[in-house]
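Below: one structure, written as structure tokens.
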């Protein structure tokens, strides 16, 4: 009873069912960003740099999976690396497009399932963008539908 | 085009795509007829159809590989294309896959869905390439998005069977 009350009193945007990211990026297979969006109040360049360095870890994970057992060929890569303020998660599609999500470390109610479902939503929206005949593969993503899906997953700037 | 084997009740029928495809081929050729009938124009039509198929293949493969685990190697990719990809689009698998293990694959379909309405023998054999261009592009687009750049050609000797030859380009 008491724990329920505590959870309801916590911060406005920290709802029970959603994890808020501080930065979300979609990287093409040639390793340039197709879409990168971060919380505007913070130093954006720092996030760009974090995503860029995480690509090395992604590459390492992809190449090591090839030599591992067949049943480990998952698309979700998991926690790439933790920094002092943030945690970075990765996901790679079969078309070698990578998704990177950066989450605040202080957000302790993180569950693997929630991160997986965020990637799931990203992948679904990305597939829709890919199937849009007006989108040329390799171009930056400008779809409003994609934008609004990402906004729903990001920390709301107060 | 169905994602699972059982078509969901709110999806359209297969025949719609077959009719659309026939009309696309007819439209492309009609457009170019007005510019004079020579080999160069016919080559353009085939390229146009192939490019259309390419873009569609790229999008489709993204949708179909959303839930599958990543592929081990080239042969794994080709098997996926022959089974799941072909089944989702043409409601049947490729009947025979042959390879020389050096990047060349021959996919044989004994009853290619887009050719069955045309004939089942030697009649209209010379018209067959027009109706295969889009599917060649489809294959090429799908493979390209999975990381395999290739050249795809098709040949028909007896309708409605056809063979798609895929030569994977090594960089």
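The values are calculated or read from the model by the stated rules, or taken from the named source; none is laboratory data. Computed from a prediction, not measured in an experiment: that's the story for all the values here. Cβ coordinates were reconstructed from backbone atoms using ideal geometry, including for glycine residues, and neighbour counts include every protein chain displayed.
Here are a few things to note about the model shown:
- Selection count where residues are surrounded by fewer than 15 Cβ atoms within 10 Å (Cβ to Cβ), out of contact with any helix residue (DSSP H, G or I) (no Cβ under 9 Å at 6 or more places or on another chain) and more than 14 Å from every other protein chain (Cβ to nearest Cβ), scope region B:65-94: 1
- Test result for residue B:62, assigned to a helix (DSSP H, G or I) and within 14 Å of chain A (Cβ to nearest Cβ): yes
To keep it simple, each residue is scored yes or no on (1) touching a residue at least 60 places away in the same chain (Cβ under 8 Å); (2) in a loop (DSSP other than H, G, I, E, B); (3) within 15 Å of residue B:53 (Cβ to Cβ).
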site	(1), (2), (3)
B:114	yes, yes, yes
B:119	no, yes, no
B:123	no, yes, no
B:128	no, no, no
B:131	yes, no, yes
B:136	yes, no, yes
B:142	yes, no, yes
B:151	no, no, yes
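- Selection within region A:131-154 - in contact (Cβ under 8 Å) with a residue 24 or more places away in the chain and within 11 Å of another protein chain (Cβ to nearest Cβ): A:138
- Pairs where the first residue, in region B:33-59, is farther than 11 Å from residue B:134 by Cβ and more than 14 Å from chain A (Cβ to nearest Cβ) and the second is loosely packed, with under 12 Cβ neighbours inside 10 Å and modelled with pLDDT under 75, C-beta under 7 Å, 6+ apart: B:41/B:35
- Exclusive hit being within 21 Å of residue A:95 (Cα to Cα) and surrounded by fewer than 18 Cβ atoms within 10 Å (Cβ to Cβ), set B:149, B:155: B:149
- Restricting attention to region A:93-111, the residues that are away from chain B (no Cβ under 14 Å) and either touching a strand residue (DSSP E or B) at 6+ places or on another chain (Cβ under 8 Å) or under 23 Å from residue A:46 (Cα atoms) (or both) add up to 10.
- Among the residues here, residue A:84 does not qualify as surrounded by fewer than 16 Cβ atoms within 10 Å (Cβ to Cβ) and modelled with pLDDT of 80 or more.
- Residue B:108 vs. criteria part of a helix (DSSP H, G or I), within 14 Å of the chain's Cα centre (by Cα) and surrounded by 14 or more Cβ atoms within 10 Å (Cβ to Cβ): no
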